[in-house]
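Chemist: Input: one structure, supplied below.
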């Protein structure tokens, strides 16, 4: 079940990162909102590059930090950028991760998330999967699975803006059974 959840998130990330499918368009040369992140993170990577980095796999170290497994890919400019994003934007603990969906509920009615915020949302969801795999207690696994479900719902909310009927929330539908932490 856990492997299918990881593959599911990779699929969701791939779909969301495909050109023309992201919630907002980013024009080349136009900086993204990266306040406080330094100059190296202003331009998004091409979706196929990010997918290659994520598909190579990440590892969770004892400090709770995610890192790229493939050293050669990690040494590239996109690899350095992804490492910075994982270090500076993705919460390392359950409490910090649980706050992310709560923060996003207030912006459901507004415009789609910026590419920067959307990328952070996807990477936080990916982080949940790795932490779910590392969890040793059923209660902790259940909490990580629940947070991942909330984050996946927020991805759907954002992608649905301007397309879903007014007042009807998007549904995980059959995906909910995949994300259900119950055995």
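The values are calculated or read from the model by the stated rules, or taken from the named source; none is laboratory data. Remember, it's a predicted structure, so these values are computed and weren't measured experimentally. For neighbour counting, all protein chains shown are included, and Cβ atoms are generated from backbone atoms with ideal geometry for every residue, glycine included.
Chemist: Looking for something at pLDDT below 85 and in a loop (DSSP other than H, G, I, E, B) - is there at least one such residue anywhere in segment 79-91? Lay out the reasoning, then the answer.
Modeler: Step one: filter segment 79-91 for residues at pLDDT below 85, giving none.
No - not one qualifying residue is present in segment 79-91.
Chemist: Further question on the same structure: Given (1) part of a loop (DSSP other than H, G, I, E, B); (2) modelled with pLDDT under 85; (3) surrounded by fewer than 17 Cβ atoms within 10 Å (Cβ to Cβ), where does residue 40 come up short, assuming only one miss?
Modeler: Just one mismatch for residue 40, condition (1).
Chemist: Moving on. Within the bounds of segment 129-141, is there any residue that is under 12 Å from the mean Cα position of the chain (by Cα) and under 19 Å from residue 91 (Cβ atoms)? Don't jump to the end; show me each part of the working.
Modeler: Taking segment 129-141 as the starting set, the residues that turn out to be under 12 Å from the mean Cα position of the chain (by Cα) are 129-130.
Keeping just the survivors that are under 19 Å from residue 91 (Cβ atoms) gives 129-130.
Looking through segment 129-141, at least one residue is under 12 Å from the mean Cα position of the chain (by Cα) and under 19 Å from residue 91 (Cβ atoms).
Table: residues versus (1) modelled with pLDDT under 70; (2) under 26 Å from residue 110 (Cβ atoms); (3) surrounded by fewer than 20 Cβ atoms within 10 Å (Cβ to Cβ).
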site	(1), (2), (3)
141	no, no, yes
147	no, yes, no
154	no, yes, no
165	no, yes, yes
169	yes, yes, yes
176	yes, yes, yes
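Chemist: Would you confirm whether any residue within segment 61-68 is modelled with pLDDT of 75 or more, surrounded by fewer than 12 Cβ atoms within 10 Å (Cβ to Cβ) and farther than 30 Å from residue 139 by Cβ? Steps first, please.
Modeler: First, pick out the residues of segment 61-68 that are modelled with pLDDT of 75 or more: 61-68.
Filter once more, keeping what is surrounded by fewer than 12 Cβ atoms within 10 Å (Cβ to Cβ): 61-63.
Now narrow it down to the ones that are farther than 30 Å from residue 139 by Cβ: none.
Checked segment 61-68: no residue is modelled with pLDDT of 75 or more, surrounded by fewer than 12 Cβ atoms within 10 Å (Cβ to Cβ) and farther than 30 Å from residue 139 by Cβ.
Chemist: Sticking with this one: Only one of 57, 20, 29 is modelled with pLDDT under 80, over 30 Å from residue 164 (Cα atoms) and out of contact with any helix residue (DSSP H, G or I) (no Cβ under 6 Å at 6 or more places or on another chain); which? Before you say what the answer is, go through the steps one by one.
Modeler: Working: 57 fails: modelled with pLDDT under 80; 20 fails: over 30 Å from residue 164 (Cα atoms).
After ruling out the rest, the residue left standing is 29.
Chemist: Taking into account only those residues within segment 92-122 that are surrounded by 15 or more Cβ atoms within 10 Å (Cβ to Cβ) and free of Cβ contacts under 8 Å to residues at least 40 places away in the same chain, which is nearest to residue 53 (Cα to Cα)?
Modeler: So the residue we want is 120.
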